[in-house]
1. Which residue out of A:53, A:99 is more than 7 Å from chain B (Cβ to nearest Cβ) and modelled with pLDDT under 95?
2. From B:145, B:105, grab the single residue that is under 23 Å from the mean Cα position of the chain (by Cα) and of a type in the set (Ser, Thr, Tyr).
3. Which of (1) of a type outside the set (D, E, K, R); (2) at pLDDT below 85; (3) loosely packed, with under 15 Cβ neighbours inside 10 Å; (4) assigned to a loop (DSSP other than H, G, I, E, B) does residue A:43 not meet, given it meets every other one?
4. Pairs, please: C-beta under 6 Å, at least 6 apart or cross-chain, first residue more than 25 Å from residue A:12 (Cα to Cα) and in the range A:25-53, second surrounded by 10 or more Cβ atoms within 10 Å (Cβ to Cβ)?
5. Taking only pairs six or more apart or across chains, which ones have beta-carbon atoms under 9 Å, a first residue in the range A:63-75 that is at the interface with chain B (Cβ under 7 Å from one of its Cβ atoms) and of a type in the set (A, V, I, L, M), and a second residue that is outside any loop (DSSP other than H, G, I, E, B) and surrounded by 16 or more Cβ atoms within 10 Å (Cβ to Cβ)?
6. Can you tell me which condition residue B:386 does not meet? The list is (1) part of a helix (DSSP H, G or I); (2) at pLDDT 90 or above, and all the others hold.
7. Identify, by number, the condition in (1) in contact with an Asp or Glu (Cβ under 7 Å, 6 or more places away or on another chain); (2) exposed (fewer than 14 other Cβ atoms within 10 Å of the Cβ) that residue B:252 doesn't meet.
8. So, in the range B:23-80, of the ones that are over 27 Å from the mean Cα position of the chain (by Cα) and among the β-branched types (Val, Ile, Thr), which residue ends up farthest from residue B:187 (Cα to Cα)?
Amino acid sequence: QKVSVEVLEHLEHLALVDFRDAEGVERLQKAIQFADQLHEVNTDGVEPMDSVLEDRWCLYLREDDVTEGNCTKELLENAREKVEEYFVAPPGNIPLPKLEERETFLQGS
Amino acid sequence: LAPWVPVVGLEIHAQISSNSKLFSGSQVQFAAPPNSLVSFFDASLPGTLPVLNRRCVEAAVMTGLALNCSINKKSLFDRKHYFYADLPAGYQITQQRVPIAVNGSLSYSLCIDNKMSQMVTKTVRIKQIQLEQDSGKSLHDDTRSQTLVDLNRAGVGLMEVVMEPDMCCGEEAAAAVRELQLILQTLGSSQAVMAEGQLRVDANVSVHHPGEPYGVRTEVKNINSIRFLAKAIDYEIQRQIEELENGGTILNETRAFDSKLGCTVPMRDKEGKQDYRFMPEPNLPPLILYDAKSLPANMNHQQVINIDWIHERLPDLPSVKRKKLVEQYGILPEHSFTLLNEDGLAEFFESVVKRTQMKPKKVIGWILKDLLSYLKQHSLTVKESPVSSFLLADLLNLLEKKEISSTAAKQVLAELWKGEGKTPLEIVKEQKLELLQDQKELEQICQAVIDGHKNEVIMMVLG
């Protein structure tokens, strides 16, 4: 079962990843096959697990005190461009160009 | 032509009133130097982790209880992914699967036909309340084709309150939001000031014919006041009706309200249906809340949130306060609404009542007609009133003791507005407004008038 070009393009758009070549796509398909093994287990009536902690309460609650911040200079050191202590970004999201408009391996498939 | 049924649902984001942010210890404050209230976690620097703020959880529980919700003793955090310059992590931590509170209701009141004397109570169901992070702020600089990003707001705690589409027009939505605002302010869980972005409302609007399925809905954003909320919704309802009656279709899109033009316009940057790729937040275990029954014995007090403890300490909600005002002072229900609608007015009223012999039913007239209209005319809040409750009480006492007439009282009040520091008694003496009580003096005055107008008297006697 192959992953369609539409899905691949959609994934590249959503996650800004680049499947680059046949090997990249193949790796994805193998990963999906691997994960699909989960379907072999009957999980009727079983709650999905998203933490091995299960019901053992462990979420730490912090007191509402101000303990951080005031490090504008340090934070802006990482910025390529800044304007008066603001980070600078393009005017809006620059979407990944559509499949037809870019040179990508996916075009050929 | 078949009638149209408009359907309105709301998604409201209320900023939690807390010292620090939802998952970090940087300060929550409106208007501070850009990027000064930002921690490494807020800026999404690698290696940082979220740490949940207890106060934010309490605020959400209080709000859930006030809105008659079931509080989920176990709720979960998720990541909602999308790219935007003011969301440094590329995802927002929210509660998509199991939010902290569900299935509540909010009752609000409306005046029929704009007559305050005819109020009707309506209810809107609350689907859920979830805790989530706020994003930073983007300042669009179109001239230089760039966006300036300030992360001070990034990570501030929000309560998203989702109201089911039980409303049918702008007026209902506005009334529901106003009541929610009062509740939040009473609880203190949010200051809910729309102008400062502490309360943001998005409206979901659709229309359909009775008996038919719901129509396609649009989402209306960028609404900055309760007044504009009603306008935006009513405009959108009309737009959809006209579009459909002209044979057009409604797109499932996001539209922005343009307050200057009074209309909704499609929003730019809309990249089709968003796929947020929700996933559990791996860095946060489930949030467990307790009640009196389930309270664990050997746990650090500070790490435990007891729903019942919070419930017992909830203050009187606006609806309860109104009822008490009506019962205690014998005022009309619509009066109690106005009293609670103005910040500080109910306290002002009660302060006057305490200091005067005049019956509350009469005092309320002075508060709602004279005081309030003056404040509105000059755009003053109750706190800014040049006439204090003490001064007004003194004035009403003079009136009640029949030392001045009602007309004179209004004159004195007009003088008091000037805020020159004079007492009502001083003004009465200055302007000689005292009612004459002496019978002989009154007779003398009347006789003098009659003597001075002999012709008119004869005309009157002759009929």
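1. Numbers: A:53 fails: more than 7 Å from chain B (Cβ to nearest Cβ).
So the residue among A:53, A:99 that is more than 7 Å from chain B (Cβ to nearest Cβ) and modelled with pLDDT under 95 is A:99.
2. Sole residue among the options that is under 23 Å from the mean Cα position of the chain (by Cα) and of a type in the set (Ser, Thr, Tyr): B:105.
3. With (1) of a type outside the set (D, E, K, R); (2) at pLDDT below 85; (3) loosely packed, with under 15 Cβ neighbours inside 10 Å; (4) assigned to a loop (DSSP other than H, G, I, E, B) applied to residue A:43, the lone miss is (2).
4. A:50/B:280; A:51/B:285; A:53/B:285
5. A:66/B:20; A:66/B:26; A:66/B:27; A:75/A:87; A:75/B:151
6. Condition (1) is where residue B:386 drops out.
7. With (1) in contact with an Asp or Glu (Cβ under 7 Å, 6 or more places away or on another chain); (2) exposed (fewer than 14 other Cβ atoms within 10 Å of the Cβ) applied to residue B:252, the lone miss is (1).
8. Taking the candidates together, the pick is B:48.
The values are calculated or read from the model by the stated rules, or taken from the named source; none is laboratory data. Just so it is clear, the structure is predicted and the values come from calculations on it, not from any experiment. So basically every Cβ, Gly included, is an ideal-geometry build from the backbone, and we count neighbours across all protein chains shown.
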